[in-house]
1. Mean 1/r over all different Cα pairs, inverted: what Kirkwood radius does segment 559-635 give, in Å?
2. Give me a comma-separated list of calculated 3J(HN,Hα) values for segment 256-271, in order, Karplus coefficients 6.51, -1.76, 1.60 applied at θ = phi - 60°, integers in Hz, x for any Gly or Pro.
3. Could you work out the helix-only [θ] at 222 nm for the chain, with each DSSP H run of four or more residues adding -39,500 (n - 2.57) and the total divided by the number of residues, to the nearest 500 deg cm²/dmol?
4. Express in nm, to one decimal, how much length is gained between residue 415 and residue 41 on full extension, taking 0.36 nm for each residue of separation and deducting their alpha carbon distance.
5. Along the charge dipole of the chain, which of 310, 286, 686 sits closest to the positive end, that is, farthest toward it, with unit charges on the beta carbon of Lys, Arg, Asp and Glu (+1, +1, -1, -1)?
6. Using a cut-off of 13 Å between beta-carbons, work out the net charge of the residues near residue 39 (Lys and Arg +1, Asp and Glu -1, residue 39 not included).
7. Each label point is 7 Å from the Cα along the Cα-to-Cβ direction; what then is the distance between the points at residue 230 and residue 786, in nm?
8. Return the equivalent ellipsoid semi-axes of the chain as a descending list in whole Å, where each equals the square root of 5 times an eigenvalue of the C-alpha gyration tensor.
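The values are calculated or read from the model by the stated rules, or taken from the named source; none is laboratory data. This one's a predicted model, so the numbers in the text were calculated from it and none came from an experiment. Cβ placement follows ideal geometry from the backbone for every residue including glycine, while neighbour counts extend to all protein chains displayed. Ligands, DNA and RNA are excluded from the accessible area calculation, which covers all protein heavy atoms including side chains. Shrake-Rupley method; radii C 1.70, N 1.55, O 1.52, S 1.80 Å.
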Amino acid sequence: MINDFKYALRMLIKAPAFTIIAVLTLALGIGANSAIFSVVQTVLLRPLPFPKPELLAMIWNSSTKEPGSRQTQSIPDFYDLRSQSQSFTGMFAYTDAGMVLGGAGEAQELSGIAVNGDFFDVLGVAPLLGRGFTADEAKNGQPNVAVISHGLWKRAFASDPAAVGQQVTMSTRSYRIIGVMPTGWKFPIDAETIDVVVPIEQLATESITQRGAHFLRIVGRRKPAVSFDQAEQELKAIAARLAERYPDTNTDRSISLVPLLEEVIGNVRPALLVLLGAVALVLLNACANVANLLVARAAARQHEFGIRTALGASRASIVRQLLVESLLLALLGAGAGLLLAWWSIDVLGTFGPRNVPRLADVGINAGVTAYTFGIAIASTLLFGLVPALQVSRGNLTDVLQQGAKGSTGGLQGSRAREILIVLQVSLSLLLLASAGLLIRTFFNLQATNVGFEPQRLLVLEQILPRSTYAEPDKQRSFYQRLLPELAAIPGVGTVGAATPLPFSGDDSGRSFRMERDPERGPGTHPDASNVIVTPGYFRTMSIPLRAGRDFSERDNETAPGVALVNDTFARRFLPNVNPIGERILIDYPGGGPRVLQIIGVVGDAKQNEIGSPVLPEMYRAFAQTPGKELGIVFRTASANLTGLQAAVQRVVHAQDDELFVRNLEPMQQMIGDTLAQPRFNMLLLAVFAAVAMTLAAIGIYGVIAYSVAQRTREIGIRMALGGQRGDMLTMILRQSLTVVAVGLGIGLVAAFAATRLLASLLYGVGANDLFTYAAVVLLLGVAALLASYIPARRAMKVDPMVALRYE
């Protein structure tokens with residue numbers, strides 16, 4: 001084997017052009033595979049960084065009418081589930097709790113979560129310094145305590161151990177730091193970067209007894225002896241008992257149990273598996289290209305192997321020699337591919353969508369390296385075995401005679417190269433069709449009417465601290481003073497506010513019934529999105545008013561409750577009825593329903609994802625339903641207003657100089673963030689498809705060019721006997737395009753079957769869209785025609801006398 005490696009290295013050095021092309025081709029295929037595999041390994045395959053993570057599960061509230069639906073829980077329901085369940089060693093509940101760290105220097109915005117006392121025990125992670133919460137510390141009325149992340153400890157406290165025990169101000173409330181989490185700790189649900197953890201009971205004081213206030217997500221650690229199905233069935237039984245005991249709030253409510261890793265992965269699994277399959281096709285295409293090169297190279301070396309056979313070399317030794325050359329090429333390609341993968345991973349980390357969990361942790365590790373070189377060895381068999389077996393099977397006498405005449409390498413060599421071209425064309429068509437469907441999906445999403453005009457629309461999300469703005473009157477008064485002052489800033493046209501804002505990632509819903517409909521009992525009421533807005537919001541957003549009137553200043557806390565609804569609400573719940581004047585009865589736990597009279601109908605507007613259907617929405621007046629948080633929207637006179645951020649900050653601080661003012665964000669950017677995942681899928685698959693098509697075109701060119709070179713004498717004879725140049729061009733193109741047509745046919749059949757796997761990623765286009773397939777066939781056909789035409793033109797220019805003397 002050592003001698004074989006030495007000989008293979010000498011032969012590759014003697015043919016530098018062949019070696020460079022083969023290594024680069026393999027590097028493209030292997031590098032792409034390694035990069036995507038590293039993402040798949042980290043995101044899909046790597047276990048969560050907790051002890052026995054397979055026992056952790058998300059416990060969702062769900063509807064018995066929609067099995068598997070995922071909804072948040074209330075604090076009383078959580079306490080009942082935890083106390084009555086025997087299948088779990090522990091549970092904890094959590095909700096987002098963003099904070100602002102005050103004190104010396106500039107204020108810092110922190111990402112945080114509010115949890116109950118079992119958080120550290122369930123996850124099995126203890127603070128590096130200090131400790132977690134005790135049950136007594138988590139009670140309402142106790143001094144506020146917090147555990148901070150290692151990153152925040154390093155960033156804000158210069159890694160000082162004395163930070164544990166310090167009093168700090170967060171969102172104008174005083175907290176005592178009692179612990180620091182370990183280095184690299186992340187909370188791998190929803191947001192991975194968590195700066196601070198606080199007890200939930202100290203924040204959600206008014207919700208502790210409200211069974212209808214659903215805002216918690218629950219995580220439980222299952223007992224090892226209890227199966228997943230057993231745990232889920234027990235929780236469903238508990239939920240059924242709660243529904244019987246509390247019909248007003250729990251009717252139609254059940255439990256949906258989801259493994260924590262699956263919850264973290266979310267909906268990125270289909271896209272990553274599609275990309276992994278795509279890079280596998282790119283690698284097959286690369287292997288087919290290198291195999292074509294090796295078939296041509298082996299045909300040219302038949303005389304050499306004939307002499308070696310005549311001198312006593314066995315067929316096995318010749319096959320081994322050729323496989324060693326292939327292996328050396330593959331190893332060189334793997335090395336170059338690792339470098340390409342390392343660079344690609346940096347690009348993916350920088351430009352990849354933010355909603356892919358753990359993407360920042362992707363890197364080249366031992367597993368990825370082993371996978372890369374495993375691919376290299378498998379590739380050796382893919383592209384090296386067929387040429388090796390073909391050459392070693394040749395008849396010794398024929399080979400020596402063909403070598404003396406400089407013949408073509410035989411019919412078998414031509415047939416093998418044609419089969420490889422068919423494979424390349426079909427694989428390329430499959431990738432191009434998939435990329436074409438995702439490209440059309442992306443542009444369909446981009447062209448979707450969101451129901452308002454996002455141009456020149458800026459967003460400021462303002463949150464008032466609970467400690468100083470707990471009373472509704474203070475919340476109402478602050479925003480009623482602030483909004484007119486913001487509207488008076490030069491360059492600002494109109495100002496409005498809402499919570500939740502479109503494309504903010506938040507949603508709020510309420511169950512209700514129309515007063516005109518008969519009461520069918522608890523749990524039978526439909527749901528609708530519940531959006532709180534200020535006067536001027538619809539005008540600022542350019543959401544059209546279809547009927548009735550907008551909110552005005554007279555719709556205040558002393559006026560009767562009013563609401564506007566969107567078109568979808570009116571069509572679904574008030575068909576063939578004038579909605580104006582109809583009354584909505586909104587369910588409120590622990591009391592009678594809130595009565596709202598519909599005063600207007602507005603156009604549909606997308607609230608969350610562009611690709612999701614518009615839901616029924618009811619809009620309520622902020623003055624009648626105040627809150628601490630509002631998303632303020634500005635319609636500006638021009639796209640860029642220098643100094644607007646500073647002006648907004650001055651206005652807000654004039655009302656309260658202790659408030660933290662976030663940066664203004666363009667609404668178009670918020671919408672663009674929702675397109676990050678489809679854009680990512682489209683770009684990667686389009687790149688892979690372009691690489692595959694390029695490799696296929698190179699392969700076609702190489703085969704036809706080799707065929708023309710080997711048939712020079714034949715072409716000369718044909719032309720000497722009266723053949724025309726056009727006849728030679730037609731003959732060569734017919735040979736090439738016949739093979740390409742077979743590849744296109746096979747590729748179409750494969751694409752029609754395989755692209756159905758993309759159905760969950762498509763929007764506004766079917767998996768078997770004929771326009772896309774026609775465009776792909778045309779594109780690939782033109783590329784094949786160009787790749788064939790260049791060597792075919794060379795055949796037209798063959799001089800018969802030169803060709804006849806060629807041998």
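1. On the way: mean 1/r = 0.0712 Å⁻¹.
Over segment 559-635, the inverse of the mean reciprocal pair distance is 14.0 Å.
2. Using θ = phi - 60°, the values come out as 10, 9, 10, x, 4, 4, 5, 5, 5, 5, x, 9, 8, 4, x, 5 Hz.
3. Working: 24 runs with 396 residues, N = 807.
So the helix-based figure for the chain works out to -16500 deg cm²/dmol.
4. Working: separation 374, 0.36 × 374 = 134.64 nm, distance 3.92 nm.
Result: 130.7 nm gained on full extension.
5. 310
6. Details: positive: 46, 269, 358; negative: 346, 361.
Net of charged neighbours comes to +1.
7. Rounded to a tenth, the inter-label distance reads 6.5 nm.
8. Working: eigenvalues 838, 206, 125 Å².
Those come to 65, 32, 25 Å.
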